[in-house]
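Every read-out reported here was derived from the displayed coordinates using simple, explicitly stated rules and does not represent laboratory data. None of the values given here were measured: they were computed from a predicted structure. Ideal geometry is used to build each Cβ from the backbone, glycine not excepted, and the neighbour counts take in all protein chains shown.
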Amino acid sequence: MKTQANTFTFSLTVSAILALSLALSACGDAKKDSSASAASGASAASGASAADPLDVTIKADMAANFKVAKVAREPIAMVQEVSGRIEANERQVTRIGAGVTGRVTQVLAEVGDRVRPGQVLAHVASPELATAQLSYLRAHASTQLAERAVERARQLIQADVIGSAELQRRESELSIARAELRAAGDQLTLVGIPRDAIAKLRDSGSLSPHALVVATQAGVVVERKVSQGQVAQPGDPLFTVADLGNVWVVGALPEQAARNARIGQQIEISVPAIGKQLSGRVIQIADTVSPETRTVPLRTQVDNAAHELKPQMLATMRIAGTPVESLAVPTVAVVRDNDRDHVFVQTSPTRFRLTPVELGAASEGRRPVLKGLAEGTPIVVEGAFHLNNERKRAELE
């Protein structure tokens, strides 16, 4: 009986130990679950406290530094920017050549020289020149002979030696001789003999050794296609002289935007080479579309009294179309970030969100909204640049 009692007692002890072990294990699991829950809660709280990089919150006392306004519809003239270049006004360009076939003996003008009307640009030696001068001398001698014949006839008719028919015949010969003399003089002028040289030829009979290539208008020599010793032919353009007092700015509009331009319209022209904004007047819009580029050639005229604009300089023309109602934002409200346009949308009195938008070209300090904003949306219209700096600073912190 005593043995059985001991066995029973030992069984009770083992059972108690097992129960206690199970209880301790349960407590440990409960602690682990509690720790895991706490860690999960801390992680969620940390995620919730992480700032959105597009949001920026300012202090209440800083709100006065930023002006907010609602996006509204305004009349906006769509502006088309067109690449162009400076060209000489072709209506004020003269191409000058020699009047006779001959060899160039002297070149007196270079590209860039400013010339005046009548200024000698080159000398040309030519056999044709001698022939033309001899023809003029013959015509001059014939005219003098005809004049003396008429004078004698008038004296004879007064003495009743000849009849009036003879006088009329001699007067007719004089008229023909004078016409031939004028034609010979004009021929000398065409081949490059100045009027004073023709008068000298008539009075002294000395032949001029050279024909002259002279400027026919004031301007700048923009091209020279002659060298000393070269044989020149009539009609060959040896020099090109352009009056650059006003110039053309030419470009090409996309066919869809051609309706925005009209003859006489004033447009803005930017020339990077001189760093100036100019105003030009549209003088021609082509009536046809280029099939290769699908563009319409456009020409404007710009005053160039100071001669700052040079042919072949690059330029940009800004052509404004007819104003249309459109959502618009001020250009100062736009922030450029990651090669995209953004504005700050107000989400609460002290909180703003950087929002990407698609905008059109600027016109008179406004940019039309193409996508990204709805009418009535409050945005920052003054201080956007500084607000973006605050956002970047907060993001770094």
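For the chain, the longest principal axis of the Cα atoms and the long axis of helix 384-396 meet at an angle of about 40 degrees. Using Cα atoms only, what is the angle between the long axis of helix 2-49 and the major principal axis of the chain, expressed in degrees (0 to 90) to the nearest 10? Tilt of helix 2-49: around 20 degrees.
Once the Cβ-Cβ distance between L156 and L190 is put in as r, and R0 is 35 Å, what FRET efficiency do you end up with, to the nearest 0.05?
Working: r = 40 Å, r/R0 = 1.14.
Between L156 and L190 the formula returns 0.30.
For the pair R340 and A305, what calculated FRET efficiency results from E = 1/(1 + (r/R0)^6), where r is the Cβ-Cβ distance and R0 = 35 Å, to the nearest 0.05? Once rounded, the FRET efficiency stands at 0.25.
By the scheme Lys and Arg +1, Asp and Glu -1, what is the net charge of all other residues having a beta-carbon under 15 Å from that of A320?
Charge balance in the 15 Å sphere: +2.
Rounded to the nearest 20 debye, the dipole size of the chain about its Cα centre is 300 debye, using +1 on the Cβ of Lys and Arg and -1 on the Cβ of Asp and Glu. Computed packing ranks the peptides 224-234, 79-89 as 79-89, 224-234, most packed first, by mean other Cβ atoms within 10 Å. The charge dipole of segment 181-281, taken about its Cα centre with unit charges on the Cβ of Lys, Arg, Asp and Glu (plus for the first two, minus for the last two), comes to roughly 160 debye. Placing R0 at 22 angstrom, the Cβ-Cβ distance between R353 and R73 gives a FRET efficiency of 0.45 after rounding to 0.05.
Modelled this way, with points 7 Å down the Cα-to-C-beta line, the labels at F385 and L54 are 2.5 nm from one another.
Rounded, prolate or oblate: pick one for segment 104-144, where a ≥ b ≥ c are the square roots of the eigenvalues of its C-alpha gyration tensor, a/c under 1.5 means rounded, and failing that, prolate if a/b is larger than b/c, else oblate.
Oblate shape, in that a/c is at least 1.5 and b/c is the bigger or equal ratio.
By other beta-carbon atoms within 10 Å, ranking I319, I274, I96 with the fewest at the front produces I274, I96, I319. If one takes the longest principal axis of the Cα atoms in the chain, at what angle in degrees, from 0 to 90 and to the nearest 10, does the Cα axis of helix 195-204 lie? Its long axis makes an angle of about 20 degrees. In terms of the mean number of neighbouring beta-carbon atoms within 10 Å, the peptides 163-175, 374-386 order highest first as 374-386, 163-175.
Dipole orientation for the chain: of the candidates Q301, A362, L54, L54 has the Cα lying most toward the positive pole (charges on Cβ; Lys, Arg +1; Asp, Glu -1). Farthest toward the positive end of the dipole of the chain, out of Q217, I274, A374, is the Cα of A374, where the dipole comes from beta carbon charges about the Cα centre. A crude spin-label estimate for the pair A63 and A165, with each label 7 Å from Cα along the Cβ direction, gives 12.1 nm. Placing unit charges on each Cβ (+1 for Lys and Arg, -1 for Asp and Glu) gives the chain a dipole about its Cα centre, and among P291, P349, P127 the Cα reaching farthest toward its positive end belongs to P349.
How much length is gained on full extension from S83 to R148, taking 0.36 nm per residue of separation minus their Cα-Cα distance? Mind dumping the intermediate values first?
Working: separation 65, 0.36 × 65 = 23.40 nm, distance 7.12 nm.
Roughly 16.3 nm would be gained on extension.
Where the alpha-carbon atoms of the chain are placed on the principal axes, they occupy 201, 47, 42 Å, in descending order.
How large is the convex hull of the C-alpha atoms of segment 98-236 per residue, in Å³?
Details: hull volume 15.5 nm³, N = 139.
Cα convex hull per residue, to the nearest whole number: 111 Å³.
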